[in-house]
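> Would you mind keeping the following structure in view while I ask a few things?
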Amino acid sequence: MTYQVDFKTVSTAGLESSPVAKALAGLRANEARYYWNKYKHIFTTVPADGDPETVAWIEKILLEKDMKFADKPLETTTFEVDNIKMAYIFYENGLAVNVMYSLDPAGKRAVGFKLSDGMAIPKEFEDKFKFAHQKSRLAGTIRGSYFVIKGTY
């Protein structure tokens, strides 16, 4: 079932099993607001078990940094804006992973990580990434990091 993320009335729909469901819902709404304001794109998600292609694609890219998350993927989304393929996984522990993959071979390609307010930094990030902090009215404090994708996917 497709869920249209509302960034005006934040809902935990689809994220209820997360111990930081409210913060994760705020993070998801923050992303929806960004894409609406920048591209007029309506941010929609689907249950991750109904979108194994997106989960597999992101997990394949994460192997560039030898990363595999044991936490359950709850929701995904994949869409294109301005010749860029965007894909997200929202994990049960509060982690959001997104891939920005330019369809232009010379374009930018990166994986971003955002940690929901209140979640611990996963062990997969120890000694690999530093996190910048951002305040959000919807999500509280968001900690984020990224890496540049080297391969072609």
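The values are calculated or read from the model by the stated rules, or taken from the named source; none is laboratory data. Being a predicted model, the structure only gives us computed values, none of them experimental. Here the Cβ is made from the backbone with ideal geometry for all residues, glycine too, and neighbour counts use every protein chain on show. Surface areas here come from the heavy atoms of the whole protein model, side chains and all, with no ligands, DNA or RNA. Shrake-Rupley method; radii C 1.70, N 1.55, O 1.52, S 1.80 Å.
> Within the range 125-148, take every residue that is hydroxyl-bearing (Ser, Thr, Tyr) and either outside any strand (DSSP E or B) or at pLDDT below 95 (or both) and give me the one that is nearest to Ile84 (Cα to Cα).
Ser136
> Would you check which residues across the range 17-51 are open to solvent by 50 Å² or more (accessible area, probe 1.4 Å) and under 14 Å from Ser116 (Cβ atoms) and list them?
Ser17, Pro19, Lys22
> Here's a follow-up. Being at pLDDT 95 or above, within 15 Å of Gly26 (Cα to Cα) and among the hydrophobic types (A, V, I, L, M, F, W, C) narrows it down to one residue among Leu103, Leu95; which is it?
Leu95
> Same structure, new question: Out of the residues in the range 70-127 that are surrounded by fewer than 15 Cβ atoms within 10 Å (Cβ to Cβ) and among the hydrophobic types (A, V, I, L, M, F, W, C), which is farthest from Asp51 (Cα to Cα)?
Ala106
> Quick one: Tyr3 ticks every box in (1) in contact with a Gly (Cβ under 6 Å, 6 or more places away or on another chain); (2) buried (at least 18 other Cβ atoms within 10 Å of the Cβ) except a single one, so which number is it?
Among (1) in contact with a Gly (Cβ under 6 Å, 6 or more places away or on another chain); (2) buried (at least 18 other Cβ atoms within 10 Å of the Cβ), the lone unmet condition for Tyr3 is (2).
> What pairs can you find where one residue is in the range 127-142 and without any contact (Cβ under 8 Å) to a residue 40 or more places away in the chain, the other is in a loop (DSSP other than H, G, I, E, B) and open to solvent by 30 Å² or more (accessible area, probe 1.4 Å), and their Cβ atoms are less than 6 Å apart, with a gap of 6+ or different chains?
Thr141/Asp117
> With respect to Lys114, determine if the residue is closer than 15 Å to Ala23 by Cβ, over 15 Å from the mean Cα position of the chain (by Cα) and charged (D, E, K, R).
No, not satisfied.
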